[in-house]
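Step one of this worksheet: look at the structure below.
The values are calculated or read from the model by the stated rules, or taken from the named source; none is laboratory data. Since we're looking at a predicted model, the values are computed, not measured. Please note: Cβ atoms are built from the backbone with ideal geometry, for glycine as well, and neighbour counts cover all protein chains shown. SASA here: full protein model, heavy atoms, side chains in, ligands and nucleic acids out. Shrake-Rupley method; radii C 1.70, N 1.55, O 1.52, S 1.80 Å.
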Amino acid sequence: MSRVFDEDYAYFYEHRMTGGRTEREVDLIWRLLGLRGGEAVLDVPCGGGRVANRLAQRGCRVVGVDAAAAFIERARADAAAWGLHVEYLVGDMRELAFEERFDCAVNWFTSFGYFDHDGDMRQLRGLHRSLRPGGLLLLDMMSRDALSRAMPPGAEEVVDVLEVGDDLMVDRWRLDVVEGRCVTHRVMVRDGRVRRSRLSFRLPTYPELRHWLMEAGFTPVDVYDEDGAPYSARSGRMIVVARR
Ligand SMILES: C[S@@+](CC[C@H](N)C(=O)[O-])C[C@H]1O[C@@H](n2cnc3c(N)ncnc32)[C@H](O)[C@@H]1O
């Protein structure tokens, strides 16, 4: 098994982000955070900078942090090509060293729940510390109820296939409801080369996540769906806005 977030991941996910999806996501981030331009925003993990660069383009002062050096390089290259100033740092999202520096923090695209409880709480506490008092955290993740609905009755697991030309990404995933995690076995075939990886991330219910956020010091904690409408059993994503 090899690393999950690498060049092959970026290659396949670029094909998931077509049709103006990132622009629409940034519109939603803008609206839910009430941004006007000029705010100091932390995007962590920022991946290849698709959100961070667009927030900077709209006038925010952005810092992006990610553990994958290759993604940070890509983010820096795009920022330079677009004539943007964004501070990009390679780092671990459990070890954030900022103190009351940001008006807002963004944790986007199911980028929470990768660790054990202690690691996840370190991530939330670091985000809390990074915000100025009154600052907002926006956290977006898949809704566990949506994933439950995607499991056909009686099925133990679901197979999703993404085809890009002759290349394939095959995800075999299941919900581990005892641990509250989604566990995926992934096979990527690219240029005839086969790579396997395993992903496991927590999928909390809203009351669980709110409890952890409040434990980390956030209050109030509000919740929306992928359109910024009230969160419901039909929502595809769970998007939380939490105030320091
Ligand atoms: C699902 S991607 C989302 C990236 C970005 N938020 C977006 O919307 O495109 C998750 C990211 O988490 C990063 N990551 C994984 N573990 C990390 C860690 N311990 N510290 C910082 N970044 C990490 C990966 O490199 C990857 O870029």
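A few comments on the model shown:
- Conditions (1) buried (at least 16 other Cβ atoms within 10 Å of the Cβ); (2) more than 15 Å from the ligand (Cβ to nearest atom); (3) over 24 Å from LEU131 (Cα atoms); (4) not hydrophobic (A, V, I, L, M, F, W, C): number failed by ASP8: (2)
- Top-ranked residue in region 87-103 [being away from the ligand (no atom under 13 Å from the Cβ) and surrounded by 14 or more Cβ atoms within 10 Å (Cβ to Cβ); ranked as farthest from SER130 (Cα to Cα)]: GLU87
- Set ALA10, ALA68: member being at pLDDT below 95, within 15 Å of the chain's Cα centre (by Cα) and not basic (Lys, Arg): ALA10
- Test: residue in region 181-189 that is in contact with a Lys or Arg (Cβ under 6 Å, 6 or more places away or on another chain) and in a loop (DSSP other than H, G, I, E, B): no
- If the condition is being within 14 Å of the ligand (Cβ to nearest atom), open to solvent by 30 Å² or more (accessible area, probe 1.4 Å) and outside any helix (DSSP H, G or I), then region 49-86 contributes only ALA67.
- Single unsatisfied condition, PHE112 versus (1) aromatic (Phe, Trp, Tyr); (2) within 16 Å of ALA216 (Cα to Cα); (3) more than 10 Å from the ligand (Cβ to nearest atom): (3)
- Against the test of being of a type in the set (A, V, I, L, M), in contact (Cβ under 8 Å) with a residue 40 or more places away in the chain and in a strand (DSSP E or B), the options LEU96, LEU139, LEU127, LEU89 yield a single qualifying residue, LEU139.
- The residues of region 116-140 that are open to solvent by less than 40 Å² (accessible area, probe 1.4 Å), more than 24 Å from GLY236 (Cβ to Cβ) and within 11 Å of the ligand (Cβ to nearest atom), listed by number, are GLY119, GLY126.
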